[in-house]
Amino acid sequence: NAGVMQNPRHLVRRRGQEARLRCSPMKGHSHVYWYRQLPEEGLKFMVYLQKENIIDESGMPKERFSAEFPKEGPSILRIQQVVRGDSAAYFCASSPTVGQVLANEKLFFGSGTQLSVL
Amino acid sequence: AQTVTQSQPEMSVQEAETVTLSCTYDTSESDYYLFWYKQPPSRQMILVIRQEAYKQQNATENRFSVNFQKAAKSFSLKISDSQLGDAAMYFCAYRVGGSNYKLTFGKGTLLTVNP
């Protein structure tokens, strides 16, 4: 019973390149959340997605950042034209729906992707 | 806006002893949840313990317990009989109740366990 899988674990990009971070939720989970952890900070909410829908992207920077969760395949967090300030650990979490209730107290995190921008 | 404050950037404890990590929060909500997460060097966020605001009884999970003081908006974590495997970064987190999904985290406390 695999947990939330994120890859790559480490990603190095030069300024101006694109970064793609992948997240496969736990089996049976249809809700995905992305959080960012800047150095010496706690995790900050970025975006909440369900299959093929962005539910809440209020924590996403307005430019260069996008996220998707297609019908098939993992959720992708894309950062275009990366800058040094994007260097951080990016965490994905998933939760199930129990009936019509979002069981968000059962939130499972992945091990994160550490993005380093040179 | 809700905020979570962890005033101890680092703490240390001797193996087998007890340590308490502090957390305070600010909210105007009456229905909310509080959490402690552990982040070991592997970086995975692991839920340690959860407290519902409407429950007066403090949550307990084996060696981990909380002291929830709702009026003071304080939520400290006590680790008894500390073990080497408890060494990690500990984050206090808050979430509004209902169907809300956003967690607000503190900056964390790095716990060192000395043998």
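Post the alpha-carbon centroid distance, the range B:84-106 to the range A:1-78, in whole angstrom.
Distance between centres, Cα-based: 18 Å.
Test of the criteria: in the range A:6-62, which trypsin sites (Lys or Arg not before Pro) are in a DSSP loop and have at most 13 other Cβ atoms within 10 angstrom of their Cβ? Mind showing how you got there, number by number?
On the way: sites: A:Arg9, A:Arg13, A:Arg14, A:Arg15, A:Arg20, A:Arg22, A:Lys27, A:Arg36, A:Lys44, A:Lys51, A:Lys62; in loops: A:Arg9, A:Arg14, A:Arg15, A:Lys27, A:Lys51, A:Lys62.
Within the range A:6-62, the qualifying trypsin sites (Lys or Arg not before Pro) (loop, at most 13 other Cβ atoms within 10 Å) are A:Arg9, A:Arg14, A:Arg15, A:Lys27, A:Lys51, A:Lys62.
Within 15 Å, Cβ to Cβ, of B:Asp86, how many net charges do the neighbouring residues add up to if Lys/Arg are +1 and Asp/Glu are -1? Walk me through the numbers before you get to the answer.
Working: positive: B:Lys38, B:Arg63, B:Lys78; negative: B:Glu10, B:Glu15, B:Glu17, B:Glu61, B:Asp81.
Once positives and negatives cancel, what remains is -2.
Using the Karplus curve 6.51 cos²θ - 1.76 cosθ + 1.60 with θ = phi - 60°, what ³J(HN,Hα) values do you get for each residue of the range B:26-31, in whole Hz, with x for Gly and Pro?
10, 7, 9, 7, 9, 10
Can you pull the one-decimal nm distance between simple spin-label points at B:Ala72 and A:Arg9, each 7 Å off the Cα toward Cβ?
4.1 nm
Considering only protein heavy atoms, with the full assembly of protein chains and a 1.4 angstrom probe, order B:Ser42, B:Ser28, A:Ser75 by accessible area, largest first. Present the calculation step by step, with values, prior to reporting the outcome.
On the way: B:Ser42 55, B:Ser28 115, A:Ser75 0 Å².
Per-residue accessible area, sorted high to low, gives B:Ser28, B:Ser42, A:Ser75.
Considering the Cα positions of chain A, please state its Rg to one decimal place and its Dmax as a whole number of Å.
When restricted to Cα atoms, chain A yields Rg and Dmax of 13.7, 46 Å.
Quick one: what are the phi-derived ³J(HN,Hα) couplings along the range A:66-74, Karplus 6.51/-1.76/1.60 with θ = phi - 60°, whole Hz, x for glycine and proline?
Coupling constants for the range A:66-74: 8, 9, 8, 9, x, 4, 10, x, x Hz.
From the backbone phi of the range B:44-56, what are the Karplus-calculated ³J(HN,Hα) couplings (6.51 cos²θ - 1.76 cosθ + 1.60, θ = phi - 60°) in whole Hz, Gly and Pro given as x?
Couplings: 5, 7, 10, 6, 9, 6, 9, 9, 8, 5, 7, 8, 7 Hz.
Scan around B:Ser76 for amide H atoms under 5 Å from its own, H built in the peptide plane at 1.01 Å from N, and keep only partners 5 or more places away or cross-chain.
The answer is B:Cys23, B:Asn67, B:Gln69.
Are any of the pairs A:Lys27/A:Lys62; A:Lys71/B:Lys55; A:Lys44/B:Lys78; A:Lys71/B:Lys107; B:Lys73/B:Lys102; A:Lys71/B:Lys102 more than 29 Å apart by Cα-Cα distance, and if so, which?
Numbers: A:Lys27/A:Lys62 31 Å; A:Lys71/B:Lys55 39 Å; A:Lys44/B:Lys78 25 Å; A:Lys71/B:Lys107 35 Å; B:Lys73/B:Lys102 19 Å; A:Lys71/B:Lys102 23 Å.
The answer is A:Lys27/A:Lys62; A:Lys71/B:Lys55; A:Lys71/B:Lys107.
Scattering from the C-alpha atoms of the range B:1-80 alone, worked out with Debye: what is log10 I(q)/I(0) at q = 0.13 1/Å?
Log-scaled intensity ratios, in q order: -0.42.
Per the 1.4 Å probe, what fraction of the accessible area of the protein assembly as shown, in percent, lies on carbon and sulfur atoms?
On the way: 5400 of 11660 Å².
The nonpolar share, carbon plus sulfur, comes to 46 percent.
In whole percent, what relative contact order does chain A give with Cα contacts below 8 Å and a gap of six or more residues? Before the final figure, lay out each step's value.
On the way: 300 pairs, mean separation 41.9, N = 118.
So the answer I get is 36 percent.
Over the heavy atoms of B:Thr24, what accessible area does a 1.4 Å probe trace out, to the nearest 10 Å²?
For B:Thr24, the solvent-accessible surface is approximately 60 Å².
Just the number: Rg to Rh for the protein assembly as shown, Cα atoms, Kirkwood Rh, two decimals.
Working: Rg = 17.9 Å, Rh = 18.4 Å.
Radius of gyration relative to Kirkwood radius: 0.97.
At 0.36 nm per residue, minus the direct Cα-Cα distance, what do B:Phe64 and B:Gln83 gain on full extension? Give it in nm, one decimal, please. Present the calculation step by step, with values, prior to reporting the outcome.
Values: separation 19, 0.36 × 19 = 6.84 nm, distance 1.16 nm.
Roughly 5.7 nm would be gained on extension.
Once you put a point 7 Å from the Cα of B:Asn114 and another 7 Å from the Cα of A:Arg78, both along the Cβ direction, what distance in nm separates them?
That separation, rounded to one decimal, is 5.2 nm.
Excluding ligands, DNA and RNA, what is the solvent-accessible area per residue of the protein assembly as shown at a probe of 1.4 Å, expressed in Å²? Write down the numbers at each step before the final one.
Numbers: 11660 Å² over 233 residues.
Here the per-residue accessible area is 50 Å².
Could you rank B:Thr27, B:Thr18, B:Thr112 by how accessible they are, 1.4 Å probe, largest area first? Don't skip to the answer; put the middle values down first.
Numbers: B:Thr27 15, B:Thr18 80, B:Thr112 60 Å².
From most exposed to least exposed: B:Thr18, B:Thr112, B:Thr27.
The values are calculated or read from the model by the stated rules, or taken from the named source; none is laboratory data. None of the values given here were measured: they were computed from a predicted structure. When we count neighbours, we look across all protein chains shown, and the Cβ atoms used for this are built from the backbone with ideal geometry, even at glycine. Side chains included, ligands, DNA and RNA excluded: accessible areas come from the protein's heavy atoms. Shrake-Rupley method; radii C 1.70, N 1.55, O 1.52, S 1.80 Å.
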